[in-house]
Structure formats: C-alpha cells, structure tokens
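Engineer: Got a structure here, written out as structure tokens. Questions coming.
What follows draws every value from the coordinates through simple rules; no lab data is involved. The model shown is predicted, which means the values in this text are computed figures rather than measured ones. Positions of Cβ are backbone-derived with ideal geometry, glycine not excepted, and every protein chain shown enters the neighbour counts.
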Amino acid sequence: MSDESAGDKVVYLARAESGRARAVPHRIERLRTRVESRLVAVLRAGLERAHEALAQVAAQEGEAADACRRGMQAVRLHRHDMEQALGAGVEFRFAALTDPSAAHPPLAPGGEGAEARLLAALRGAVGDDTPEAVRRALGAALPSRRVSPGQNPLAPAQVTDLFLRVTRCSPLAPAARRVVLEVLTGELERALPGLCREALELLAAAPGAEEPAGEGGAGPSPASERHHAARAVYGHERVERGRERVEHELERCLEGREPPALVERLLRGAWARRLLLVYVAEGPDSEAWVRSCALMERLLWSFEPRAEDADRQRLVMEIPLLLHELADGLREVLGDPFEVGKLLEALEGEYLRCLTRDDPDLAQASANDDAAEAGGREANVRRLGRLPEGTWMEIQGGDERWLRVRLAGYDAEGRLVFANRAGFKVLERDPEELAEAIAAGRAHILDDHHLFNEGLSRVVRRLSERRLGHAD
C-alpha cells in the first residue's frame, strides 16, 4: 500500500472547540490513559531499537544504506511528532466509543509488505477471542451504547492503523520505513496481549474503585533522617547521571554537523541546563525530555545547507514554531526575558544569513524598506484568504487556552482548517471570524508581525509568495 493511499493527513477529532469533551465513564477514561501510556512506551522502545537497526544497515554500502542514514536522522527529528500523533490517535479512537460521528474505519493494508505483516502479527498474538472479550467489556461499561468490533480501540486492525499513521509523521524512505515497521511489529506483538489483559481487568473493576493509597509520612525519627540522607545521596547521583546523559545527547546530535558557532554555544550552554533540569525533575523517559531533545535536533536541522527553494520554503514554515518553543524552554533556565530576547534576535540574524546567502533576490528583499501590508480587519481577511498551507498561528480557544496550530487547508465553504503538529484537526474558523480574533488580540500569525525582525519578515513573506506562485 502506497503512502498516498494512507488517507487524509488531517484526522478529525471529536473534541469540541470549546474544550468541553463528552462525558465518559471513569473506567473508560482510565483505560484510555493506560492505553496511551503503554503504547507510547512501546513506541519509544521501538524507535530506540529501530535507530540501532537503521545504524547497522547504514554502516554498509549502497542505496539502502543511504536511505537508512537519512532514516536515522528522521527518526530522531520526528520522534516527538510521532508521540503526539499516537496520543491524538488513541484519543480519537476512544472518542468513537461515545460519538458515532468520530468513527473512522481503519485502513486495511494489503499485499505481503511490512504493513500487512504488522496486522497479521497482531492478529496472531491476540487471536479472535481476546479482542471480542474487550469489545464486550467496553459495551458493559457503556450500557447506553453499542460497541461494534470496528470501534474497539485494542482490535488488531485499529492498533495497526494507528501505528501506520504514526510512522508517516516521519518522512522515511521505503527501505528505512520497512526497518522501522519490522521493529515496531516485534514490540507490539509482545505488548498487545498484556495490554488487552490489563484492559479486561480494569473494565471488570467495580465502578468508582480507587487506586490504593500510599502510606502517610512519619514524623522526626532516626529512620526518617536516614531516609532524607538517602534521598540526598540519590539526588546527587541523579544529577551526575543527568550530566552524563545530557553530554551524550549533545555529542550525538552534533556529530558530523557544523552549525553556526552561536547555535553550538546555545546548545552547550543554556539548552544543556534546560535538559539537565528536565532529566532531574521528570526523567529521560518523560514527554518533556523527548520534546526537548527533539527540539535540539530540529534546531540543528534548520541550519543545514539548503540549495533548493522548496527546502527553504519548508524551513520558513518551521522557523516560527521552532523559535517559540525554544523561547519557552529558555525562559525556564535564563529567567531574564531580555537575555532570551537577545538570543532569539541573534538566531534570527543567523537564519537571515542562511536564507539569503546564495539568493540575490532574497538578499534585496531583506534590505528593502517597503512597509508591510497595512493592518486592519479587511487586510487581515485578504491575507487569511491566501495563507499557504503549513502557516503556524496561535489562537485562543473557548477555554481561554492558547493553541499553536498550523493551517491544514480550506474547506468547501472557505473556512480555514487548523491541525496540530501531528496533523490532527483541532479547530476551524472562517476568515472574517479569524480576522476579528486577530484584531482583538485573540489570535496571531507566528511570523513577521509577531516575532521576526523586519529583514527576516520580508524574506519569509517573499518565500511564502513564491510557494503560492504569485511573487513579483
């Protein structure tokens, strides 16, 4: 099955734009959390093993070796995206239990390729009886709903569909993708039977059953003093292990690369402190650690040489979100907003040099003093009508939380459809409504008017116009 037949890039979720979700029984929500946690752990272990397997092939010669070398970088660069896609996919599948409009039939891989082998392996691992028992248990927990076999989130076809979509978050060549799928097949084949047993146990528990409570704390005593002393020693050892792990990650990411001196200083200085804080507070298996390491990979990737216009246009779509996420992390370790601002300004200068180095037209655009398009509601409506797909925005949702979303396209009525980084739809807005939100400060485009200096703003605008095909 080709990548093109994999379905839409935007998967529709059942979450309301207001942030209010449908009420579900406590056991179902606990099960969803458990399934997401277990499958994320499977994905992480699988990607670690896949990286090692790709490295073995990459050490050889030939076209497959080149594809696997690129695959190693793609896995590191997009592993956080894949975790996001996995979590959103699990939420989507569980939403279908209570919202028929969210039901989406899983893809059925055919042939004898790695995709079909994944489905066959999962069916062989759990058989027919176990998925049916899970389906009946879900139906018992949702007496007002009929749970069909196609709605069971732990059915082999559903899990296969989810992981096939997850692997497509990373632009892997066919040879590298086969390696990744084969490793994930083994991990899932071992994990899915146990996860189904956990699901049956959790769904069979009495409604409202609570987790066992831990013991209360003791007062001052020799035992508690020894306990605190042991914790202090453990804390020191954890910090030292963290320093070693951070150094290892830095050297691995920088190996074979020659980023600008500013970028390397940033990573070895402020970002290394950020990584150490995350390691000590949350550990190397946490979502925050994976996200911070992936951001370091993306930052280095963003400064790699690009001769083709299409590659620079892709970078232009990535820079705004990258700088925003970098700023979020730097504020936690630097504290001083002025220092963070100086670092971001210096990075903008590096991006400007990289984008205009071999392009006289872009160099002239960066020095042009022409004013940007005037603001105002009508100007914003016109601008929103021609935004290129992939443009990042920040939009305040109904629960007053800010969402960072990218434009996935326009529907038949001209409404802008927005997705998260993993490609799952999170909301849609018509141009007039969004223009009013921009004017009121409840939304903004993550580009020239919000973040970049004027020179970089003009380069970003020119590259976006080239992508749309109406540059001067």
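Engineer: Between residue 116 and residue 389, what is 0.36 nm times their sequence separation minus the Cα-Cα distance? Round to one decimal in nm.
Structural biologist: Full-extension gain reported as 95.1 nm.
Engineer: Separate question: Grab the Cα-Cα distance for residue 132 and residue 144, subtract it from 0.36 nm times how many residues apart they are, and report the gain in nm with one decimal.
Structural biologist: 2.5 nm
Engineer: So what are the ³J(HN,Hα) numbers for region 380-386, from phi and the Karplus equation (6.51, -1.76, 1.60; θ = phi - 60°), rounded to whole Hz, Gly and Pro as x?
Structural biologist: 5, 4, 4, 5, 5, x, 10
Engineer: Pulled fully out, how much extra length does the chain show between residue 254 and residue 60, if you take 0.36 nm times their separation in residues and subtract their Cα-Cα distance?
Structural biologist: Stretched out fully, the residue 254 to residue 60 stretch lengthens by 67.6 nm.
Engineer: Here is a follow-up. With label points built 7 Å along Cα→Cβ from the Cα atoms of residue 430 and residue 173, find their separation and express it in nm.
Structural biologist: 4.8 nm
Engineer: Here is a follow-up. Please give the FRET efficiency for residue 358 paired with residue 287, using the beta carbon to beta carbon distance and R0 = 35 Å, rounded to the nearest 0.05.
Structural biologist: So the FRET efficiency works out to roughly 0.35.
Engineer: Next question, about the same structure. Residue 99 versus residue 244, label points 7 Å from Cα toward the beta carbon: distance in nm?
Structural biologist: That separation, rounded to one decimal, is 4.7 nm.
Engineer: Let me ask another. State the answer as a single residue: which of 310, 321, 300 lies farthest towards the positive end of the charge dipole of region 280-340, with beta carbon charges of +1 for Lys and Arg and -1 for Asp and Glu, about the Cα centre.
Structural biologist: The one lying farthest along the dipole's positive direction is 310.
Engineer: Starting from the Cα of residue 308, step 7 Å along the direction of its Cβ; do the same at residue 37; then give the gap between the two resulting points in nm.
Structural biologist: Reported label-point gap for residue 308 and residue 37 is 4.3 nm.
Engineer: If you plug each phi of region 317-330 into the Karplus form 6.51 cos²θ - 1.76 cosθ + 1.60 with θ = phi - 60°, what whole-Hz ³J(HN,Hα) values come out, in order, with x for Gly and Pro?
Structural biologist: Per-residue couplings from phi come out as 5, 8, 4, x, 5, 4, 5, 5, 5, 5, 4, 4, x, 5 Hz.
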